[in-house]
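Colleague: For reference, the structure I am asking about is given below.
The values are calculated or read from the model by the stated rules, or taken from the named source; none is laboratory data. For clarity, every value in this text was computed on a predicted model and none was experimentally measured. Every residue, glycine among them, receives a Cβ derived from its backbone with ideal geometry; neighbour counts consider all protein chains shown.
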Amino acid sequence: MDFSTAAFLFPGQGSQSVEMGKALAESSPTAAAVFAAADEILGFALSDLCWNGPAEDLNDTINTQPALYVTSMAALAVLRETVPDAQPAFIAGHSLGQVTAAAAAGALSFADGLRLVRERGRLMKLAGERSPGGMAAVIRLDLEKLVAVCEQASAEAGKPVQVANDNCPGQVVISGDNAALDLAETLAKAAGARMVKRLPVSIAAHSQLMESVSTEYGAAVDAAALSLPAVPFIANSTAAPVVGLDALRAEFKSQLTSPVRWTESVQYMISNGVTSFIEIGSGNVLTGLLKRIDRNVSGYNVESILSG
């Protein structure tokens, strides 16, 4: 594979599953060492939770975020050991995966990134308790129409709901207060959406409801030692490369309440010469989205690269 025309992608919540990273750690001392280091840093057996569950605990956002981070970083370590010249043209992560991508690009140490995602998960869970809400996937409705739907629902409900994840054409996630979300669901269907499906989450990620923890999360971001990424790093909120440390720190902070512009992020990388995308971590959610964004590019999970 020509890595000079490849991009590394790191998944976010929704990609987790019990046994993730287990086979990799059993076959690779390098991967096992990453999980062992995470267990020591966190002070509990995250590896056991990833490999053996229970699913209910793994799906708790305070655990899901570090679990996905460590699984991705373990896979990346094995890839770099197996293919030493595996340097991509761009690097990006979906939601939580943005922190993983930053660590992979050398902007964060493994330990600082792990502590940050653990705190991110804790605070997002806390925000869900302070300002309850939810999320819903809207299928086959034009993005501009959906933005208008959210604006109308917010105005009529007196509570916020907004676009949270523009995942790919035809699949957009909205997030916000439950009453506003209910109204947006009705309005979206009336506007022509094929389906609106509530997601099994108790937080309104990438919405105004996360503002209740923005100060605390900002302090955690400020406490992390950041460096300039060694690879062009595509930001979720701008769908363009981050330039400078101040911009990187600001991106981490704003991403908590800003939409994930994933479709545009992938399109930016394609327009700048990327022809293949490698999803590094659990599952193939992001490579699946590629098919709806541009069928002319190739998508792989890292496991397919490692297995030859």
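Colleague: Please tell me if Val242 is without any contact (Cβ under 8 Å) to a residue 40 or more places away in the chain, under 30 Å from Phe110 (Cα atoms), touching a strand residue (DSSP E or B) at 6+ places or on another chain (Cβ under 8 Å) and buried (at least 21 other Cβ atoms within 10 Å of the Cβ).
Modeller: Yes: the conditions hold for Val242.
Colleague: If I filter the range 112-130 for residues that are β-branched (Val, Ile, Thr), closer than 27 Å to Glu264 by Cα, in the same structural domain as Gln255 (by TED's automatic domain parsing) and buried (at least 20 other Cβ atoms within 10 Å of the Cβ), do I get at least one hit?
Modeller: yes
Colleague: Take the range 257-308 and flag every residue that is within 13 Å of the chain's Cα centre (by Cα) and basic (Lys, Arg).
Modeller: Correct list: Arg261 only.
Colleague: Out of (1) aliphatic (A, V, I, L, M); (2) crowded, with 19+ Cβ neighbours inside 10 Å; (3) closer than 23 Å to Ala86 by Cα, what's the single condition that is false for Ala224?
Modeller: Condition (3) is where Ala224 drops out.
Colleague: When the residues of the range 174-192 are narrowed to those that are of a type in the set (A, V, I, L, M) and surrounded by 24 or more Cβ atoms within 10 Å (Cβ to Cβ), which ends up nearest to Thr257 (Cα to Cα)?
Modeller: Ile174
Colleague: Tell me, yes or no, whether the range 267-281 has at least one residue that is free of Cβ contacts under 8 Å to residues at least 24 places away in the same chain, assigned by TED's automatic domain parsing to the domain that holds Ala23, farther than 25 Å from Gln152 by Cβ and not in a loop (DSSP other than H, G, I, E, B).
Modeller: yes
Colleague: Collect the residues in the range 164-202 that are in contact (Cβ under 8 Å) with a residue 60 or more places away in the chain and either touching an Asp or Glu at 6+ places or on another chain (Cβ under 6 Å) or aliphatic (A, V, I, L, M) (or both), keeping them in residue-number order.
Modeller: Residues satisfying the conditions are Ala164, Val196, Leu199, Val201.
Colleague: Among the numbered criteria (1) surrounded by 13 or more Cβ atoms within 10 Å (Cβ to Cβ); (2) at pLDDT 95 or above, which single criterion is violated by Phe3?
Modeller: (2)
Colleague: Between Val161, Val138, which is crowded, with 24+ Cβ neighbours inside 10 Å, free of Cβ contacts under 8 Å to residues at least 60 places away in the same chain and either within 18 Å of Ser265 (Cβ to Cβ) or touching a Cys at 6+ places or on another chain (Cβ under 7 Å) (or both)?
Modeller: Of Val161, Val138, the one residue that is crowded, with 24+ Cβ neighbours inside 10 Å, free of Cβ contacts under 8 Å to residues at least 60 places away in the same chain and either within 18 Å of Ser265 (Cβ to Cβ) or touching a Cys at 6+ places or on another chain (Cβ under 7 Å) (or both) is Val161.
Colleague: Right, another one. If you go through the range 231-239 one residue at a time, do you hit one that is buried (at least 20 other Cβ atoms within 10 Å of the Cβ), within 24 Å of Asn59 (Cβ to Cβ), in the same structural domain as Thr100 (by TED's automatic domain parsing) and not β-branched (Val, Ile, Thr)?
Modeller: Yes; the residues of the range 231-239 include at least one that is buried (at least 20 other Cβ atoms within 10 Å of the Cβ), within 24 Å of Asn59 (Cβ to Cβ), in the same structural domain as Thr100 (by TED's automatic domain parsing) and not β-branched (Val, Ile, Thr).
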